[in-house]
Structures are given as C-alpha cells and as structure tokens.
C-alpha cells in the first residue's frame, strides 16, 4: 500500500473486513506477521472517492488521507470494489455516496460495479427492519465516535417495526444525551422508511436542530414535520451545503413540494419573525395538507398571498392563532385574504384564535367562506378575538358549511349587551336550519347569565358536542344541565369543568343521566371534582360512579330502546304544535255547536271530520312505533341472519379445508420424508382437514348477537326518524286544515248573523217588539259564551305559546254590537273585524249590546244625525261594516 501524502514505501498489508470480529463499519490494514497488529483503520463513511486504475490498482480517498492499493489480479480488484461499494448495507454507504461520480475507473471494469449506486433497485433496504435504520444508526455512531445504544436499535427494530409506525418520535429517546439524539436524527436523513418526525414540548439543543435541518434538506421521504414548543429561535444556523435556515432547507429540494404533507412549527416564538423564505416555499405549488404556524410571530398579512398561490388545492388544516395581523396593511391584503378563503378546495379546519383582527378582515373571512362552494364541513376557531358578537353571530347562520364553532373568551362584556348576545346565540342553535354540530364556549366566564344557554340545550336538535367549561355556572347551571339532558337526544359529548360545581350539582347530573341514553362522552371534571371532594367526598364519589356507569351503558351496542323513545316522545307532548292543535280543536268544536242549529252543511261535516282526525293523530306516534316493533320481531332481517349463519358455517369449513390441505401439501413439498413418516401417526396428516371445523355456536353468536344488534340499532334509528317525519307531516297538515275550517266557520257565523238581522228588518213592520226573537237571543248568548271562553283561554299559563299561535295564524277579533237606535224597533248591528295580523282572519269574539231608545224619533234613519255611537272608519289595518235595518 502506498500513501502519497506521507510518501511511505510500499509495504504488504492484510485488508480486513471482518464485521463480526472487530467492527462492522470499518476497514482495517494489518501487517502480515505474528502477533498481528492493526496499522491503519477508517470508517467506510470516511471514504470520499474510490478510483480504479490499470495494473489492478485502486485508490481510496478518505477525510484524512489517501490510500493506493495494488492488488495481485483483476479478480481481487473486482472483489475489493464490490465489498467497498456494497459493504453490508447499501443504505449505509448512501450516506455520502450520493452520486455515481464517486466511483472512477481507468480501463476495463465489470459492468456491475459501474452500474451500482445507492439508489439502485438492488438495494436491500426495504427488506430490513424499518429500512435498515439500525445499521445506518450504528454506522453513524462509529463514524462520530459515539457508543451505539442498543436500546435505540431494539426499540426501532421491535416496537416501531411491529407496529408499522413510520412516525419517529424524539420523545421516546428524550432521556438520552443531545449527541445521541443528533445521531438518531442524522440517520433519518438517509432512511426512506420513516415519513414523519415528531417532537413536542421538549427543548432540543442547537446540535439536534442542526441535524434536523440537515435531515430536512436531504430526506426524500419526509412528509410530516412537527416541532411544537421545542425552543426553536430564529433558524439561522449555518450547516452542510450552505443551507442557512429551515425555510431554505424546504426550498432547496423540489421533492418537498410533492411529498411534505404536514408542517407544524407552532409554539416557537420568533422562529418566523422576518422570515421570507417560508413564504417562498408556500407560494410554490405544493401538497401541504396540515400547516400549523401558531405562536411563531409570522406576518399573517403577508402569508395569505403565498397561500393563495401555492396551497389552495390540498390544504385542509390551517392554524394561525396567537399571531398578529398588521392594521396598517389591511387594504392591501384584504383581496388575497378573501380570495384564499373563497378559493380553497379542501379547508376543514381554520384557527384564528387570539388574533387581533380588524373588523374588515373578519367580514372578509365570512364573505370568502360564504362564497366558497367547495367547503362542506368546516371547523372554525375564533376564540379570544374580542369581536363584536352582536354582528358576528347572525353571520353564522348564513354558512351552511359551518359545523364546528369555537367562541370561547369572547364574552368580556357586561349587562344587557351580554344578555342580547346570549339570546342571539340561543336563537342560532334553535333554528331549524341550524347545522352546527359542536359549540365551544370554554373559559368565557358567563356565570349565572350563561344558564339561559344551558337551558336551551334541552330543546336543541342539532348540537352533538358542547364545551361549557370555565364559565363558573355553579350548581344552578348544573341543575339546568341535568334538566336539559333528561329530554335531549342529540348530544353525544359534554365538557363541564371549572364551573364551581359541588357534590349537589354532580348528583343532579348523575340523576339526569339515569334517563339519558344518548350521551356517550363526558370527561371527568378534575378541577370541580377536586374542590367538591374536599367538602363531601362520599357524595362526590357516588355521583361520579353513577355518571361513569351511565356513560359506559350508553356506549354499549343497545342503548336506546323503543319504549324509552316512546316515553320520551310522550313526555314532550306539550310541544307547541300539539298545544296549538288542542286550542284550535276547542274553538272549532265550539263553532260547530253554535252553528248546529242552522243545518248540516258541507262545512260542518268537514269540520267534524277534521276534528276526528285531530283526535286520532294523538295516537299516531305510539301506533306507528308499535307497528314497526311488531313487524321487526321476526322480520326478514332476522330470518336472513338465521339462514346466513348456516351458510357461513359451511363456507368457513370449506375455506378452512382448502387452507389446511394447502398447508399439508407445502409440508410434504419441503419435508417429504418426515411427512411420509407422519402419515403413520394417529390421526394421519392427510385427515387433519376433515377433523378441523369452526363451532356453529360461535358463528351464530357472532351474527345473531353482535351483528344483529348493530343492524337492529341502525334500523331502530331509521324507524324512529321515519315515525317522527310521518307524525310531524300529518300533524302539520291537520293544523292547516283546522285553521282553514276555523276561518270558514267564522265567515259562516258572520253570514248567519247578517241573515238574522236582515230577517228582522223585513218583518219590522209586522211586530212592535224591540227585542230580538228568542232564537236570535239564544244564538247571541252562545256567541257571548264563546267570547268568554276564548278570553279565559287567553289567560292560560302558556301565554307565551299562545302569543306565538296568534302571530302565526293572524288571529282576528270579530265584535258584533247590536244597538237599537230608533223608536220603531229599529235594531242596528255593527260588525267590526279588527285584524291583529293582516294576513288572514282568525278566531272570532262576539259582543252584543241591545239599547232600547226611550225616545222615539219621527224622522227616518237616513235623515238622522249621527250620534256618538255611529259608524267611524277603522284604521288601515282593519275593516268595518255597518248594517242598518
């Protein structure tokens, strides 16, 4: 061997590649004498170039020196170059052999050596555990003079590999020294198995940061990078190949535009302050799906221009919370801000929490989202904005894609404004068109004023998840929550903590959950439990045990029986629609009684038929439920499952027989002599397939108990929804028919009164009596009683519901005043129709006054001067008619 750097003479050496004797990743040069002594050694990773020349000479250039080896034959030359290039794992040599230019040859060399490179398909990296990470890590430890930790190799080869886990978590090795962590991260740069690098809430040293940047710049398989709260400062560390920052590392390779899916640099203050290279990367067309830059001091107003150009196609998660928005550049950035939210194809999560956003920016956000046809399921976090909720909350109803909303820390307002905001929020979640599925008001400090929202959860039909923690609602709020949970069937998750709840409040919630079969998740309120346990440990523990048992029951397969659903519906019969129907039925029935003496017309027959259907509708819901239950007891599904159990048992036996026969055949092929001898055993190998079968009971149990329960649960939910739809549709139609009948009868009563008065006018000269006929008086008396009944009903304790009914149906008051103003039995009826709602007529109230004049006048009525009770035109929203007989 000749060393040109020292001009040493040629000496005979023995080359050693003994991987099991000395070290796996080193080359040893020893003098051929006894005792043997190692004269030179270097790690394979120190090799910078490998050149072959004529006369069987190979020159190896390392970091420290150059070695020229003259071999005895061309075969030896091929053998040496093959060993050096292949080593034990081609993935290890790829650490520094990134290009074929490292290998140079003068003269004829075998094609195999010339064609081989670390990226060759002959690489066996994929056949090793986790892509040969342990071998690469061991080589780097040897190269850097660090002891190889068998713990790292065992965890990667056993835990990571068995779980097929491609996310490398630095927290698994956070107990090691920073030098060890740096080598671990460096090994990832040349490994294609791991696609994710994760570190959270762990302060990493500058040495590890440098290797992370190195990995980012060199890895071709990295898809997700999460460095959350790791103590990163402005990344301006100088390292390999002149890459000076993380942003430049991302921009240095085009591979990241096509491979990086997840980028999380959150909770690293100052990391992106004044950083423009990240915006250059984001402005390039890329495939980022998850971007978290919260708490990085990034310039948000400059960011959206880059997002608009490069991230509209795939970005679904965007978190920019705890950053600032420049108020001076609002006009310049508003177009790109609005256009991004109106053009993003895949957005599902937007977090702008704790950002000081100008009102114009917030309006641009909602405008952009409302005009985006691609968003269907949006999670929006605008907590801590201190925005004007009176203007913001109404905007939510115009976004059908908004399914999840976080509004916490926005209620730092007092007095009537807070009450008005909460009322708007209650109105929002109770709208029929509301599509919100989750709502968070965490840490809003609502206190006693927040109970109005808790109480509204009882009738809410859209929210599945609510977070009311951190509001100081006390036991009163817990009592309101317990009442809401007893009648709510849509909530699946409730978060309740930091509300000053005592053992009494927890007991109320526990009693409510005994009757709630749909709530599945309610995390233990550690803060309130700790406080309640100090004063009443036994009661607190009992309440929590009941709550956890109820939640466990609700998470079982069969949670909500038909009878429970029926009882819940019967408990809600005081709904608005049914109360309206009851009152309309009473009024129509009274009108039928009044008009019964006029004859059986088509209107009365139709009214009786409508009343009959209204009475029948009360039994509609339970009858439909019972019918669905009876038809499902031994329905087609159960029959099909029963027959399917036998068919599956036969299919399982057949499949098992094929598998066992194939296994026996393979054994005979690999070990024919032993298998032939095993045929003499009892039972012989050839008869195993006939003796193996799956128990019929296990298949039947799996189908009839497990699968059947899941299918029946799905059927029950569909059946209940159909029953509710049918019932509501029919009840709505009956209400319309009742109202139309009611209006028709009112008009008929008015006509009857008109006919009676006209008849009296025709016969006025035949009778001197100034008193109405007995039949007319009885009719008027009945009308008077109808008025009194309506007035009495109006003072019912459900006054608020009746007000809504009157607004909906435009209730009118019909007053009939009878006056006798003349001497000759002159009777005057004045009928005034005063409409409370100009849309339609409604229920009638009648009052009749008969005045007998003490002085007869000689002049005709048409010449009489108008008195104080004469007809006076009504306002524009009323209609008056005067009939003079």
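Each reported figure results from applying straightforward, stated rules to the coordinates on display, with no laboratory input. Every value quoted in this text rests on a predicted model; they were computed, and no experiment measured them. Ideal geometry is used to build each Cβ from the backbone, glycine not excepted, and the neighbour counts take in all protein chains shown.
Give the Kirkwood hydrodynamic radius (Å, one decimal) of the stretch 676-747, defined as one over the mean of 1/r across all pairs of different Cα atoms. Could you put the intermediate results ahead of the total?
On the way: mean 1/r = 0.0542 Å⁻¹.
Mean inverse Cα-Cα distance, inverted, gives 18.4 Å.
Place a point 7 Å from Cα of residue 371 in the direction of its Cβ. Which residues in the stretch 310-335 have their backbone N less than 13 Å from it?
From the stretch 310-335, the list is 334-335.
Could you line up 751, 194 from fewest to most neighbouring Cβ atoms inside 10 Å? It would help to have the intermediate numbers written out before the result.
Details: 751 11, 194 23.
If I rank by nearby Cβ atoms, fewest first, I get 751, 194.
Taking a ≥ b ≥ c as the square roots of the eigenvalues of the Cα gyration tensor of the stretch 441-556, is the shape rounded (a/c under 1.5), prolate (a/b larger than b/c) or oblate? Intermediate results must be reported in sequence, preceding the final value.
Values: a/c = 1.71, a/b = 1.08, b/c = 1.58.
Oblate shape, in that a/c is at least 1.5 and b/c is the bigger or equal ratio.
Which order results if 34, 694, 271 are arranged by neighbouring Cβ count within 10 Å, fewest first?
Details: 34 6, 694 13, 271 25.
In increasing order of surrounding Cβ atoms, one gets 34, 694, 271.
Kindly rank 343-356, 56-69 from highest to lowest mean number of other beta carbons found within 10 Å of each residue. Can you show the working numbers first?
Details: 343-356: 18.7, 56-69: 16.2.
Top to bottom by mean Cβ count within 10 Å: 343-356, 56-69.
If you rank 496, 154 by fewest surrounding Cβ atoms within 10 Å, what's the result? Don't jump to the answer; show the numbers that get you there.
Values: 496 25, 154 11.
Ordered from fewest to most neighbouring Cβ atoms within 10 Å, 496, 154 come out as 154, 496.
Based on the mean of other beta carbon atoms within 10 Å per residue, what is the order of 212-218, 287-293, most packed first?
Numbers: 212-218: 22.7, 287-293: 20.6.
Highest mean packing first, the order is 212-218, 287-293.
I want to check the label-to-label distance for residue 48 and residue 715. Put each point 7 Å from Cα in the C-beta direction and report it in nm to one decimal.
Here the modelled spin labels are 7.8 nm apart.
So for each of 614-626, 454-466 I average, over its residues, the number of other beta carbons within 10 Å; can you give me the resulting order with the highest mean first?
Values: 614-626: 15.6, 454-466: 18.9.
In descending order of packing, they fall as 454-466, 614-626.
In nm, give the distance between the simple-model label positions of residue 577 and residue 613, each being 7 Å from the Cα along the Cα-to-Cβ direction.
Simple spin-label model gives 1.4 nm for this pair.
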